[in-house]
């Protein structure tokens, strides 16, 4: 017997999931599916990263306790096209069928698989466009002479050398310079060669 997970969601507490529930139950009954579990989120925006009902559904999917996921519409499940495709990719990887009533999509059918492939291609195109926009922005910044990356740390080299020579602990030396301990160590090693007794000095900061 197929194990079915129906997911229902409304964005506000003034709305109700009952219309979705009636449609989903009628669909499952028409398919002869009676081993049905319902997962719902009421008053939860589709843009939220975490949704208790959806989290439980995905957990059961990953645990192989669900064979079919049914929703009233795409936007009930995915907070974005990318999120929807990522969920569908997981379902396909685990052999879980996905059905959306409004869009009449069933990934168990040839048409459903074709639609999924088109959606996945659109998401991949979106990713490629984002990468290209970032690269174009970097190229423009370089052509305008802008320096990229983190700004270079500016410190008093004499103060750094004095701290190293005194053999202060790393955290104390970093605090005096107003930098992180890792930055202190890196700068101390860079300037170590110009400090008398460098080996002993680095022994003091290690």
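The values are calculated or read from the model by the stated rules, or taken from the named source; none is laboratory data. Computed from a predicted model, the values in this text were never measured in an experiment. All Cβ positions, even for glycine, are placed from backbone atoms using ideal geometry, and neighbour counts span all protein chains on display.
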Residue ID - nearest to the chain's Cα centre (by Cα), chosen from residues in segment 3-18 that are surrounded by fewer than 19 Cβ atoms within 10 Å (Cβ to Cβ) and touching a residue at least 24 places away in the same chain (Cβ under 8 Å): 11
Selected residue [in contact with a strand residue (DSSP E or B) (Cβ under 7 Å, 6 or more places away or on another chain) and either farther than 25 Å from residue 14 by Cβ or not assigned by TED's automatic domain parsing to the domain that holds residue 23 (or both)] from 95, 53, 108: 108
Among (1) touching a helix residue (DSSP H, G or I) at 6+ places or on another chain (Cβ under 8 Å); (2) within 19 Å of residue 103 (Cα to Cα) - the single one residue 27 does not satisfy: (1)
Residue check, residue 61 in a loop (DSSP other than H, G, I, E, B), on the phi < 0 side of the Ramachandran plot, touching a residue at least 24 places away in the same chain (Cβ under 8 Å) and surrounded by 15 or more Cβ atoms within 10 Å (Cβ to Cβ): no
Residue in segment 131-152 that is exposed (fewer than 14 other Cβ atoms within 10 Å of the Cβ) and in contact (Cβ under 8 Å) with a residue 12 or more places away in the chain present: no
Residue check for residue 73: under 30 Å from residue 25 (Cα atoms) and exposed (fewer than 11 other Cβ atoms within 10 Å of the Cβ): no
Whichever residue in segment 36-52 is surrounded by 15 or more Cβ atoms within 10 Å (Cβ to Cβ) and assigned to a loop (DSSP other than H, G, I, E, B) and, among such residues, is modelled with the lowest pLDDT: 46
Enumeration of residues in segment 82-114 that are in a helix (DSSP H, G or I), surrounded by 13 or more Cβ atoms within 10 Å (Cβ to Cβ) and either in contact with a helix residue (DSSP H, G or I) (Cβ under 6 Å, 6 or more places away or on another chain) or at pLDDT 80 or above (or both): 82, 83, 84, 85, 86, 87, 88, 89, 90, 91, 92, 94
Some residue of segment 81-92 being free of Cβ contacts under 8 Å to residues at least 24 places away in the same chain and under 23 Å from residue 53 (Cβ atoms): yes
Failed condition for residue 148, given (1) more than 28 Å from the chain's Cα centre (by Cα); (2) at pLDDT below 80; (3) not in a helix (DSSP H, G or I): (1)
